[in-house]
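> Questions regarding the structure given below will be posed in turn.
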Amino acid sequence: LYSGVGIIIMNGSLYGGPYKVAPDRQLSDPLFAVIVLINPGARNAISYAFAMLRGRLHKHGGVKYIKSATSVEVTGPPNVVYQTDGDKTDVPALHARSGSCRVQLIASPPPELTKTPS
């Protein structure tokens, strides 16, 4: 049981685009990596941000890094705001469970690869 001001639950290593917060993880890993931000306050938030920019959030002293979790349950006070993939989620609690099924991700190629020569 961990308590904190924020939590990141992920399968891969990248967060928010290019920021490697769980460098030892692969998108194909079946279990979650969990990062619990323990300490509240603006000073700590800035410290977390700098650690994330340097790729060292998982080693930050105010972070609990759990490399492999099969299930994560997140609860908080009634007014807590949860986000899933950057979008606000109006739920009273979150529960994530790893599964054995795989999801195929299909993405469009970057625009620079689809330009026709002039």
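Readers should treat all values here as calculations from the given coordinates under stated rules, not as data from a laboratory. Here the structure is a predicted model, which is why all the values come from computation and not from measurement. FYI the Cβ positions are ideal-geometry reconstructions off the backbone, even for glycines, and counts take in every protein chain you see.
> Could you give the length gained by full extension between Ser98 and Val81, i.e. 0.36 nm per residue of separation minus their alpha carbon distance, to one decimal place?
3.8 nm
> Run down the aspartates and glutamates and flag those whose C-alpha is under 16 Å from the C-alpha of Lys64, throwing out any fewer than 8 positions away in its chain.
Candidates past the 8-residue exclusion: Asp24, Glu73.
> Subtract the Cα-Cα distance of Asp24 and Thr89 from 0.36 nm times their separation in residues, and report this length gain in nm to one decimal. Intermediate values should be presented prior to the final figure.
Working: separation 65, 0.36 × 65 = 23.40 nm, distance 2.84 nm.
Fully extending the segment from Asp24 to Thr89 adds 20.6 nm.
> Something else: Just to be sure I understand the model, the point goes 7 Å from the Cα along the line to the Cβ. What's the resulting Thr70 to Arg43 distance in nm?
Placing both labels 7 Å beyond Cα along the Cβ direction yields 4.1 nm.
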